[in-house]
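All remarks here apply to the structure that follows.
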Amino acid sequence: MARVQIPVSQIVRGAGLAQPAQTNGDHTNNHYFANDGRTFLEVVSSDAGSQTVAFEIPTPSSGTDGQSVTSLSVTVAAGATRYVGPFPTAIYNQTDQTVFVDPSVSTTLKFRAYKI
């Protein structure tokens, strides 16, 4: 199935931003968000244990300079909120200018994306 979009909300100087709705984690389909290099992700956990979120780094199957490249993995403690980013476009963007996000579980991880 297709990845689930995490909408990106713009933080505006002067006007501010009301907190947008959260996107529920979907471990089966995973997620993506548009990235301009000034985007960061809020990850909220309601899980009883630590969970991880992987941010895919697109590279050729041979890696970079013959070295394998793995996704960035961020651990979110039980009941905690983490802010991750910004994501440099040359490292994290897929060809469609999005970042792929792979949560370790569904429903107990929630996401919001912001750009400044």
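The values are calculated or read from the model by the stated rules, or taken from the named source; none is laboratory data. Bear in mind the structure is a predicted one, so any value in this text is a computation, not a measurement. Note that we place each Cβ from the backbone using ideal geometry, even for glycine, and neighbour counts take in every protein chain shown.
Considering only segment 1-57, state which residues are in a loop (DSSP other than H, G, I, E, B), under 19 Å from residue 71 (Cα atoms) and among the β-branched types (Val, Ile, Thr).
Answer for segment 1-57, where residues must be in a loop (DSSP other than H, G, I, E, B), under 19 Å from residue 71 (Cα atoms) and among the β-branched types (Val, Ile, Thr): 6, 28, 57.
For residue 11, are the conditions met, namely being crowded, with 16+ Cβ neighbours inside 10 Å, touching a Leu at 6+ places or on another chain (Cβ under 8 Å) and not charged (D, E, K, R)?
The answer is no for residue 11.
Consider only pairs whose beta carbons are under 8 Å apart and that are at least six residues apart or on different chains; among these, list those whose first residue lies in segment 59-72 and is of a type outside the set (Val, Ile, Thr) and whose second residue is at pLDDT 75 or above and part of a loop (DSSP other than H, G, I, E, B).
63/69; 71/56; 71/57; 72/57
Looking at residue 73, is it surrounded by 14 or more Cβ atoms within 10 Å (Cβ to Cβ), of a type in the set (S, T, N, Q), at negative phi and in a strand (DSSP E or B)?
No; evaluated as a whole, the condition is false for this residue.
Among the residues of segment 84-116, which ones are exposed (fewer than 14 other Cβ atoms within 10 Å of the Cβ), among the charged types (D, E, K, R) and in contact (Cβ under 8 Å) with a residue 24 or more places away in the chain?
none
From the list 81, 23, 39, 52, which one is free of Cβ contacts under 8 Å to residues at least 40 places away in the same chain, surrounded by 12 or more Cβ atoms within 10 Å (Cβ to Cβ) and β-branched (Val, Ile, Thr)?
Sole residue among the options that is free of Cβ contacts under 8 Å to residues at least 40 places away in the same chain, surrounded by 12 or more Cβ atoms within 10 Å (Cβ to Cβ) and β-branched (Val, Ile, Thr): 81.
When only residues in segment 28-55 that are charged (D, E, K, R) and at pLDDT 95 or above count, which is nearest to residue 108 (Cα to Cα)?
This residue is 42.
Residue 87: in contact with a helix residue (DSSP H, G or I) (Cβ under 9 Å, 6 or more places away or on another chain) and within 25 Å of residue 11 (Cβ to Cβ), yes or no?
No, not satisfied.
Of the conditions (1) in contact with a Gly (Cβ under 9 Å, 6 or more places away or on another chain); (2) at pLDDT below 95; (3) under 17 Å from residue 102 (Cα atoms), residue 58 fails just one. Which one is it?
Going through the list (1) in contact with a Gly (Cβ under 9 Å, 6 or more places away or on another chain); (2) at pLDDT below 95; (3) under 17 Å from residue 102 (Cα atoms), residue 58 breaks only (1).
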